[in-house]
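Quick notes on the structure that follows.
The values are calculated or read from the model by the stated rules, or taken from the named source; none is laboratory data. None of the values given here were measured: they were computed from a predicted structure. No Cβ is skipped: glycine too gets one built from the backbone with ideal geometry, and neighbour counts run over all protein chains shown.
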Amino acid sequence: MLDDASVLETLRDLAEEFSQFMLHYKFGLAEVETKVKILAEELVHKGRDNPIEYVSPRLKTLASISAKAARIGCAMTVEGVRASIYDIAGIRIVCSFVSDVYTVADMLTRQSDVRLLQTKDYIAVPKPNGYRSLHLIVEIPVFLSDRVVAVPVEVQLRTVAMDFWASLEHKIYYKYDPDIPAALREELVAAAGDAARLDERMERLHREIHGPH
């Protein structure tokens, strides 16, 4: 049986291991964010409209990781988390039009050092609640002083309308969860449909004015 000093030392070692582990994800997120900003600036330099409205990176907290690990039955160890949780580092890319979502996704995943691990297209096939977005898991090499670490990053791409709907839907669900009235669920699904039709209409108007982009 470990004494108090041994337990404390073990906890300190684990904390240090997770601190280094999270640093890798921070670096991987920074790499993806830089890539996206370079793509946007290059397109503007070429005289094209910037397809990206804004970019929002986020890194899960250890508390959030621990909660997800418990929810999915994952061991709360560096090895267990690395093997089972792929959205520790995430970046949301909000685009002007639906076509821009796929253009940016294609430009990013065609880069030689970006490995596409997973695609979930909730634009082509929305979730039952109406949620629309394109989700990618990409793997990025992070070059450290003594080695290269492959880091997964979740990339969410959506339009402004999709992002507006998702933001409000999250607030409503947070207020009512788990007892969300059926009528409100139906209204949210209808609102998601309205947002999708707005995306289609605005893209059509843009093409009529500016031509294909």
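Is it true that some residue in segment 122-132 is part of a strand (DSSP E or B), in contact with a strand residue (DSSP E or B) (Cβ under 6 Å, 6 or more places away or on another chain) and of a type in the set (A, V, I, L, M, F, W, C)?
No, segment 122-132 has no match at all.
Quick grid of which residues meet (1) outside any helix (DSSP H, G or I); (2) touching a residue at least 40 places away in the same chain (Cβ under 8 Å):
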| position | (1), (2) |
| --- | --- |
| Lys120 | yes, no |
| Glu169 | no, yes |
| Ala183 | no, no |
| Gly193 | no, yes |
| Leu198 | no, no |
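Hey, any hits in segment 162-172 for a residue that's touching a Pro at 6+ places or on another chain (Cβ under 9 Å), farther than 26 Å from Ile85 by Cα and of a type outside the set (Lys, Arg)?
no
Mind checking which residues of segment 131-149 are of a type in the set (A, V, I, L, M), under 13 Å from the mean Cα position of the chain (by Cα) and either farther than 24 Å from Pro51 by Cβ or crowded, with 18+ Cβ neighbours inside 10 Å (or both)?
Correct list: Leu134, Leu136, Val138.
Among the residues of segment 48-56, is any modelled with pLDDT under 95, over 19 Å from the mean Cα position of the chain (by Cα) and not acidic (Asp, Glu)?
yes
Just name the residue that is surrounded by the fewest Cβ atoms within 10 Å (Cβ to Cβ) out of those in segment 51-84 that are touching a residue at least 40 places away in the same chain (Cβ under 8 Å) and within 30 Å of Ser99 (Cα to Cα).
Tyr54
Please work out if Pro152 is surrounded by 13 or more Cβ atoms within 10 Å (Cβ to Cβ), over 16 Å from Val104 (Cβ atoms) and modelled with pLDDT of 90 or more.
In short, yes.
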